[in-house]
Amino acid sequence: MNNLTENYYPTFELYQSLRAQLMDTLTDEDLLFETSGENITLGALCRQIGETEHSYIQSFRTFTGDFDYRNDQPGLAESVERLVAWFAVLDTELKGVLSALSQDDLANRTIDRGGGFVISPTIQLEIYKEALLIFYGKADVYLKAMGKPRPEQWSAWID
């Protein structure tokens, strides 16, 4: 274990728990909902945050940022059960890869995100937290448009 997983990760998991709370409120039918314009379905939005998490996991393994990954598993974006199962696997992988980083990795290694954007693993995790918050803001629009209630923590942190 390193100081990132020991000291910061428990708080980070609270941000991840908002996604689980969201998924607890959704049905498969809800995942098909789309707002007007060029917006994707709510299920596709959920798949996107999984793809994003996968990309961050890989960046902690390879120290290179690559956000081209797409999960083309048929029906994934239309199934709450399948998304929840995938998110659980991703969350376990993320915690594992972060736990495997040494203090030396955290202090001296960098992640090259491309375009001259080179950051520490700690900042990379912070940027992923920001990606989660952006996802929650987008998902909140869908929830409001559907007239769905939002969990108490969701309302306190996002609304």
Is one or more of the residues making up segment 53-74 hydroxyl-bearing (Ser, Thr, Tyr), loosely packed, with under 15 Cβ neighbours inside 10 Å and in contact with a strand residue (DSSP E or B) (Cβ under 7 Å, 6 or more places away or on another chain)?
-> yes
Test for Tyr142: is it among the hydroxyl-bearing types (Ser, Thr, Tyr), within 21 Å of Gln16 (Cα to Cα) and within 15 Å of the chain's Cα centre (by Cα) = no
Which residues, taken from segment 104-159, are among the polar types (S, T, N, Q), surrounded by fewer than 13 Cβ atoms within 10 Å (Cβ to Cβ) and without any contact (Cβ under 8 Å) to a residue 60 or more places away in the chain?
-> Asn108, Ser155
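For (1) touching a Cys at 6+ places or on another chain (Cβ under 6 Å); (2) over 19 Å from Glu13 (Cα atoms); (3) outside any helix (DSSP H, G or I); (4) not small (Gly, Ala, Ser), each residue gets a yes or a no:
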site: Glu81; (1), (2), (3), (4): no, yes, no, yes
site: Val84; (1), (2), (3), (4): no, no, no, yes
site: Val89; (1), (2), (3), (4): no, no, no, yes
site: Ala107; (1), (2), (3), (4): no, yes, no, no
site: Tyr136; (1), (2), (3), (4): no, no, no, yes
site: Ala139; (1), (2), (3), (4): no, no, no, no
Tally the residues that are touching a residue at least 24 places away in the same chain (Cβ under 8 Å) and surrounded by fewer than 16 Cβ atoms within 10 Å (Cβ to Cβ), restricting the search to segment 85-103.
-> 3
Write out, first by first residue and then by second, each pair whose Cβ atoms fall under 7 Å of each other, whose residues are 6+ apart or on separate chains, and whose first residue, in segment 15-39, is farther than 21 Å from Leu125 by Cα while the second is of a type in the set (D, E, K, R).
-> Thr25/Lys148; Asp28/Glu78; Leu31/Glu78; Leu32/Glu78
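Every read-out reported here was derived from the displayed coordinates using simple, explicitly stated rules and does not represent laboratory data. None of the values given here were measured: they were computed from a predicted structure. For neighbour counting, all protein chains shown are included, and Cβ atoms are generated from backbone atoms with ideal geometry for every residue, glycine included.
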